[in-house]
Amino acid sequence: MARFIIAKDYDDMSEKAAMLFSKQINKKDNSLLGLATGSSPIGVYKNLIEWNKQGLIDFSAVKTVSLDEYVGLDADNPQSYRYFMNDNLFNHINIRMENTHVPFGAAQDVDKETKEYEKRIEMLGGIDIQLLGIGRNAHIGFNEPTDNFETATHIVTLDENTREANARFFDSIDEVPTKAITMGIGTIMHARKIVLVSYGENKADALYKAFFENTNPLVPASILQYHADVTVVADKAAMGRILDSGIEFNGY
Ligand code: GLP
């Protein structure tokens, strides 16, 4: 059963989740962090930047791997996830850029890139702690609802629902790529710890289905019920459906 931390609001969620990352880095200075994009993790990164500036955490030996990237966008494209990671975290902390890994969406041979990315994560020693957001359709990374869980890093065709949700970052929906590279469900499940952040009522259904209904590849995040160390940090709105169902939480 996942641990749930119910946060007061977005800032509280961000601080509580960031604490789990800072603890990990302070315990193991060369941790491999699995990182996510989207609006949910931005506040986590802001806290980590702040604490790094204050000298409370040191990223000089830290390594990172990102969950996903759009196919066809390179690092200079402001909508690419490499750009997002540089802009929201890496450019503001004392990490070595060569220790940051994001799938290369503009690779000539994207199939080869997916295989190499999976190997790279293994060679880096495996993910110590993985940050996740959750899509409205319960996708994690870009693992969209399908008939079967795809285990390794692979290429996906994005759901129209996901493209619509992400269109807010682009000038128009036509510019949202149709494909992405994503860590697979197996890649994510191999992480030693997982922290999922979620806020806002538009995530309430996804969160409920992921953790309180049967595991089903049509609800990709539901696989997390089988992971031994998952912490969900969510605000009251995202927890709405779970709390309404009368499930009781001890201590949080
Ligand atoms: C994208 C990312 C996911 C993220 C999701 C939700 O599709 N690939 O990793 O969890 O968006 O984003 P947000 O946090 O902005 O709702």
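Annotations
- Considering residues of segment 129-146 that are closer than 14 Å to residue 187 by Cα and of a type in the set (A, V, I, L, M, F, W, C) only, the residue farthest from the ligand (Cβ to nearest atom): 129
- Which listed residue, of 228, 237, 206, is touching a helix residue (DSSP H, G or I) at 6+ places or on another chain (Cβ under 6 Å), modelled with pLDDT of 95 or more and not in a strand (DSSP E or B): 237
- Selected residue (criterion: farthest from the ligand (Cβ to nearest atom)) from residues of segment 7-30 that are touching a strand residue (DSSP E or B) at 6+ places or on another chain (Cβ under 8 Å) and assigned to a loop (DSSP other than H, G, I, E, B): 30
- In summary, residue 94 fulfils each of the numbered conditions (1) closer than 28 Å to residue 222 by Cα; (2) open to solvent by 40 Å² or more (accessible area, probe 1.4 Å); (3) of a type outside the set (Val, Ile, Thr) with the single exception of condition (1).
- Members of segment 144-172 found to be open to solvent by 40 Å² or more (accessible area, probe 1.4 Å), in contact with an Asp or Glu (Cβ under 9 Å, 6 or more places away or on another chain) and polar (S, T, N, Q), listed by number: 157, 161
- The C-beta contact set for segment 167-187 (first residue over 13 Å from residue 151 (Cα atoms) and assigned to a helix (DSSP H, G or I), second residue open to solvent by 40 Å² or more (accessible area, probe 1.4 Å) and not basic (Lys, Arg), distance under 7 angstrom, 6+ apart or interchain) comprises 167/173; 169/79; 173/164.
- Checklist (1) outside any helix (DSSP H, G or I); (2) open to solvent by 20 Å² or more (accessible area, probe 1.4 Å) applied to residue 120, failing item: (1)
- Here the condition is being small (Gly, Ala, Ser) and within 28 Å of residue 153 (Cβ to Cβ); of 7, 17, it holds for 17 alone.
- Residues that are among the aromatic types (Phe, Trp, Tyr), part of a helix (DSSP H, G or I) and either under 16 Å from residue 195 (Cα atoms) or more than 12 Å from the ligand (Cβ to nearest atom) (or both) within segment 31-88 comprise 45, 51, 83, listed in sequence order.
The values are calculated or read from the model by the stated rules, or taken from the named source; none is laboratory data. From a predicted model like this one, the values you see are computed outputs, not experimental measurements. All Cβ positions, even for glycine, are placed from backbone atoms using ideal geometry, and neighbour counts span all protein chains on display. Only protein heavy atoms, including side chains, enter the accessible area calculation; ligands, DNA and RNA are left aside. Shrake-Rupley method; radii C 1.70, N 1.55, O 1.52, S 1.80 Å.
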